[in-house]
1. Before we move on, is Q283 at pLDDT below 55 and surrounded by fewer than 17 Cβ atoms within 10 Å (Cβ to Cβ)?
2. Report whether or not N61 is surrounded by fewer than 12 Cβ atoms within 10 Å (Cβ to Cβ) and modelled with pLDDT under 90.
3. Report yes if S238 is of a type in the set (S, T, N, Q) and exposed (fewer than 14 other Cβ atoms within 10 Å of the Cβ), otherwise no.
4. Within the range 94-146, count every residue that is of a type in the set (G, A, S), exposed (fewer than 14 other Cβ atoms within 10 Å of the Cβ) and closer than 20 Å to A196 by Cα.
5. Of all the helices (runs of 4 or more DSSP H) wholly in the range 173-264, which have at least 1 residues that are within 19 Å of the chain's Cα centre (by Cα) and under 30 Å from N20 (Cβ atoms)?
6. Test each condition in (1) modelled with pLDDT of 90 or more; (2) farther than 23 Å from L185 by Cβ for Y39 and report the one that comes out false.
7. What is the number of the single condition among (1) surrounded by 15 or more Cβ atoms within 10 Å (Cβ to Cβ); (2) of a type in the set (A, V, I, L, M, F, W, C); (3) under 19 Å from the mean Cα position of the chain (by Cα) that I169 does not meet?
Amino acid sequence: MQIRSIKQAARRSLQDSNRNPMALTFLFVLCLNAPYLLYNTLDTVLFFGMDTSPTGIGGFNAYAAYLAFTTIMTAAIGVFAGIWQCCYQNYTLNVSRGKEVSFRDFTAPLRIAGKVFWLNLLIALYTALWALAFYFPVTFIASFFASDLIISLLQDPEAMPVITAIIMIPGYLMAYRYRLSFLVLFDHEEWRASEAINCSKRLTYGYKRKLFCMDLSFFWYYIPLTAITVFLPDLILSLLGKDTASAYLIAVTLPLVAEIIFCALFQPQVKTADAHAYNCILQNAPVQPPLSDPGFPVFRGPQNEPPVNEQGYLTGLQDETKDDQWHTYE
């Protein structure tokens with residue numbers, strides 16, 4: 001699998017698409033961020049428009065109602081965003097195979113929204129467990145040999161999150177085992193979430209380094225996107241120097257607008273490359289992985305393994321109805 005060939009195939013697919021990918025992505029990201037914008041606007045108005053202290057107007061009941069509202073809305077928007085973000089992979093999968101696409105490609109996976117949500121939850125859980133598996137031994141060894149350094153880091157609220165993120169990087173890298181899970185699920189909607197995860201682990205065997213290198217080649221996309229979503233709101237608040245409703249609304253609105261524009265311009269190329277990498281792996285039978293791969297046996301239950309032939313390779317992964325056009329990868 002050549003990364004350059006994958007990226008070239010992604011650009012050709014986007015150029016040959018029957019619909020403008022930037023326009024469709026703009027609508028997709030707008031639908032993704034609209035609930036955030038509406039909720040943050042309403043939350044800011046409520047927070048600055050009422051006395052949320054227990055001794056304020058309305059007493060403790062008003063404060064409890066405000067906390068319940070923010071908790072429920074945050075959870076609901078988080079669930080919606082998690083499902084909606086995964087739906088974009090169905091669109092890029094159809095683009096990579098030369099199919100006619102429309103906005104319906106984003107909404108089609110909603111018919112299996114329960115599986116998408118459960119798969120998203122399992123991936124997050126497994127990734128967190130892998131991260132903790134590396135985090136605790138490293139912190140224990142560091143605290144044994146450099147206890148003074150650990151204490152000083154714990155007392156520094158700005159340094160500790162960065163150090164924690166660095167220590168947990170090996171756990172994040174293990175998430176490449178589940179990289180193709182949603183693409184597998186959209187190819188086989190009758191499968192369960194656990195079966196899609198098992199299939200992704202088999203498919204990515206021997207390809208994790210390639211997928212990681214492909215992500216590194218898109219550093220120009222991930223670094224600015226992280227800066228827009230994480231650092232830009234705090235930067236705007238510090239520049240405004242005000243603790244008012246208008247300042248918070250500006251700090252929320254401008255990053256969301258910048259994210260929508262940035263994603264509309266560059267997200268199609270990055271995510272379509274993932275779909276082409278998946279197609280390439282399907283065309284080139286993966287190296288047979290060890291059959292005894294226990295992973296983390298959390299919420300698995302009884303399940304059927306993805307089908308394999310006598311040589312141990314995966315079979316039945318390509319749906320004939322989705323095989324209209326394939327690209328050749330060198």
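1. No.
2. When the stated conditions are applied, N61 passes them.
3. yes
4. Residues meeting the conditions: 2.
5. Result: 181-187, 208-217, 219-226.
6. Only one criterion is unmet by Y39, namely (1).
7. (1)
This table checks each residue for (1) modelled with pLDDT of 85 or more; (2) surrounded by 15 or more Cβ atoms within 10 Å (Cβ to Cβ).
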position: L180; (1), (2): yes, yes
position: R192; (1), (2): yes, yes
position: Y205; (1), (2): yes, yes
position: Y222; (1), (2): yes, no
position: D243; (1), (2): no, no
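The values are calculated or read from the model by the stated rules, or taken from the named source; none is laboratory data. Given the structure is predicted, the values throughout are model-derived calculations rather than measurements. Neighbour counts are summed over all protein chains in view; Cβ atoms, including those assigned to glycine, are modelled from backbone coordinates with ideal geometry.
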